[in-house]
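Contents: one structure, followed by commentary.
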Amino acid sequence: MSIWVFFTLLGSLALLMYGMKSMSEALQKMAGPQLRHVLGAMTTNRITGMLTGMLVTASVQSSTATTVMTVSFVNAGLLTLAQAISVIMGANIGTTLTAWIMSAGMSFDISNLAYPAFFIGIILIYQKKYRYIGDFLFGIAFLVFALATLRVTGQNMHLGENQAVLDFFASFDPNSFLTTLTFLLLGGVLTFCVQSSAAVMAITMILCSSGALPIYQGIALVMGENIGTTVTSNLAAMSANTQARRAALAHMFFNVFGVIWILFVFRPFIDMVCGWVGYDVNMTMEVAGTHVFMANAAKLSFVLAAFHTSFNVANTFILIWFIPQIERFVCWVIKPKKVDEEEDFRLHFITAGFMKTPELSVLEAQKEIQHFASRMQRMFGMVRELLQLSSSSAAKKDNQAGDFNKLYTRIEKYEGISDNMELEIAKYLESVSDAHLSDDTKAKIRAMLREISELESIGDACFNMARTISRKYNGKQDHFIERQYDHMHQMMELTDQSLTQMNKLLGGRKESYDVNRTFNIENEINNYRTQLKSQNINDINNHEYTYAVGTIYMDIVNECEKLGDYVVNVVEARMGLRQKDA
């Protein structure tokens, strides 16, 4: 085999992987949000979940993308882990469509389809409205062109006539169980190394179709590919959250269990699939002749595709009735990490290393922002509690000092957490924005960057209030009068209402949210602040309290009003409204 043939083979495999990636990403750009809605709506039970996973994966030609969406829904609480497992089972069936596309490309000359696709695709790419369809056609064209090149390259290599290659595969005893295990392990290692089961499937089809690799060893390679692709996702999920790791483990369990039971019926099952396709397992080149033997071997790419589908369908049919048991098993193996929430700077929903698909990463970021927002409201609740402690401990300061300082330290830690969350989410969104995204997704990312900036400002406002209360508590100034405490509590109640409305929006669908509620509360806060400002001047003039006490009092009131402004900015960003001029 010349060096140019070798590089043609490698280049074709690279083009195949790129074409599949381009095609999948283009489909996700066109239908990403709709696919997420389909997954959320059509997984009411294990059967519909399996069918949904199968259809979505067949549509986007990526089981990875389906798994990403599924894990996202589990994290978001929209799907249970049991429903997610059924979707992943369906994804395993849906991904077998790729093998059928490849077997067609290996068996027929479809290269002529690539050129019209390239031509139409380049026209559409330069039209903004249809550029994702153009990207999809380019992906299809690359895929078809790569398959056609692989087919021709496989024929030019004449592997079925290469005695060295034939002798190598003949050195393995076809009837030995150890041979099956060896090729199974080889398929898993190859898939893990090249990070693409499609590329290994293409190599297997070339070897089998040329007559060099016997069908039983070829199918052992395919079985290894099924395990190798799950090892990759499990290693990637090690740095992810508990539910992501459980979903990845369930995927691995599904495939490993399937390989184990298929080994017990290995030859009868393969012979049955070969009978369906019309491939003669017992034909040899010496008896049938080269021409007839090669014509028979040409059917092997379809045998591999048929086996891949039959294996996954049969495995799903067996395991779909045991989903609750699989769920209990993965929950038993992977237990949630026990972390102190006050010290927990880890992101909960964003799975940094786990099967990241840029177009579908928006959901993870939105859930992380929702968690960020709820944490900020919890922080504000601590500030209200701190003010309560400062007022109730006026007469018994020494007894309450320990509780006050402990709560202040918690608020201080939360402020550090808010800074870290803003930076980590922003870094994640920036990494996602480096990919080729739809305009809609780009707009969402810009809005989310604005949201996290405003949420961090809410954290700063809470900490500023806590510092002001602490300064007052530990200082030598006179105490607030009862009326001031009442006014501050009332102002904080209004502010808390605005935070509740903000979290309601971030946790639901913006179409069903009435933004006027937020604006009405903001107007109440502004009017109340203006009223308290005027009253504060009168109270100081009437010697109700000192100017120093009045200044600290208004600092807290003004900080609540600023916090309300930040809340409005978050709501406007989520609703897609332009920020009002200051």
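Details
- Annotation note: of ASN241, ASN226, ASN234, the sole residue that is open to solvent by less than 50 Å² (accessible area, probe 1.4 Å), within 32 Å of the chain's Cα centre (by Cα) and at pLDDT 80 or above is ASN226.
- Residues that are open to solvent by 50 Å² or more (accessible area, probe 1.4 Å) and of a type outside the set (Gly, Ala, Ser) within the range 262-276 comprise PHE264, VAL265, ARG267, PRO268, ASP271, MET272, TRP276, listed in sequence order.
- Among the residues of the range 352-381, the ones that are open to solvent by less than 10 Å² (accessible area, probe 1.4 Å) and either at pLDDT 85 or above or not in a helix (DSSP H, G or I) (or both) come to 10 in all.
- Where helices (runs of 4 or more DSSP H) sit wholly within the range 1-97, those with at least 3 residues that are modelled with pLDDT under 70 and under 20 Å from the mean Cα position of the chain (by Cα) occupy 3-41, 63-76.
- Listing of helices (runs of 4 or more DSSP H) fully contained in the range 142-220 that carry 2 or more residues being open to solvent by less than 10 Å² (accessible area, probe 1.4 Å) and at pLDDT below 80: 197-209
Results for (1) open to solvent by less than 50 Å² (accessible area, probe 1.4 Å); (2) part of a helix (DSSP H, G or I); (3) at negative phi; (4) at pLDDT 90 or above, shown as yes or no for each residue.
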| position | (1), (2), (3), (4) |
| --- | --- |
| ILE417 | yes, yes, yes, no |
| VAL432 | yes, yes, yes, no |
| LYS442 | no, yes, yes, no |
| ARG446 | no, yes, yes, yes |
| LEU449 | no, yes, yes, yes |
| ILE452 | yes, yes, yes, yes |
| LEU455 | yes, yes, yes, yes |
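- Of all residue pairs spaced 6 or more apart or on separate chains, those with beta-carbon atoms under 9 Å, a first member in the range 166-193 that is under 16 Å from ASN255 (Cβ atoms) and a second member that is part of a helix (DSSP H, G or I) and open to solvent by 80 Å² or more (accessible area, probe 1.4 Å) are PHE192/LEU235.
- Annotation note: Cβ proximity below 9 Å between a residue of the range 388-409 that is of a type outside the set (Ser, Thr, Tyr) and modelled with pLDDT under 65 and a residue that is part of a helix (DSSP H, G or I) and surrounded by fewer than 14 Cβ atoms within 10 Å (Cβ to Cβ) (sequence gap 6+ or interchain) occurs for GLN400/SER392.
- Residues of the range 457-500 satisfying the condition of being open to solvent by less than 30 Å² (accessible area, probe 1.4 Å) and in a loop (DSSP other than H, G, I, E, B): GLY475, PHE480
- Scanning the range 410-464 for residues that are of a type outside the set (D, E, K, R) and closer than 20 Å to GLN501 by Cβ yields SER418, ALA447, MET448, ILE452, SER453, LEU455, SER457, ILE458, GLY459, ALA461, CYS462.
- Pairing residues of the range 475-503 that are over 16 Å from LEU387 (Cα atoms) with residues that are surrounded by fewer than 18 Cβ atoms within 10 Å (Cβ to Cβ), at Cβ distances under 6 Å and at least 6 apart in sequence or on separate chains, gives GLN501/ARG517; ASN503/SER374.
- Residue match in the range 303-321 (condition: modelled with pLDDT of 70 or more, within 23 Å of the chain's Cα centre (by Cα) and of a type in the set (A, V, I, L, M)): no
- Matching entry among ILE521, ILE552, ILE540 (being crowded, with 16+ Cβ neighbours inside 10 Å, part of a helix (DSSP H, G or I) and within 46 Å of the chain's Cα centre (by Cα)): ILE521
- Any hit, the range 560-568, residues being more than 22 Å from MET376 (Cα to Cα), more than 28 Å from the chain's Cα centre (by Cα) and of a type outside the set (S, T, N, Q): no
- All conditions in (1) over 15 Å from ILE556 (Cα atoms); (2) hydroxyl-bearing (Ser, Thr, Tyr); (3) out of contact with any Lys or Arg (no Cβ under 8 Å at 6 or more places or on another chain) hold for TYR485, with the sole exception of (1).
The values are calculated or read from the model by the stated rules, or taken from the named source; none is laboratory data. Just so we're clear, the structure is a prediction, and the values are computed from it rather than from any experiment. Ideal geometry is used to build each Cβ from the backbone, glycine not excepted, and the neighbour counts take in all protein chains shown. Just so you know, the surface numbers come from the protein's heavy atoms only, side chains and all, with ligands and any DNA or RNA stripped out. Shrake-Rupley method; radii C 1.70, N 1.55, O 1.52, S 1.80 Å.
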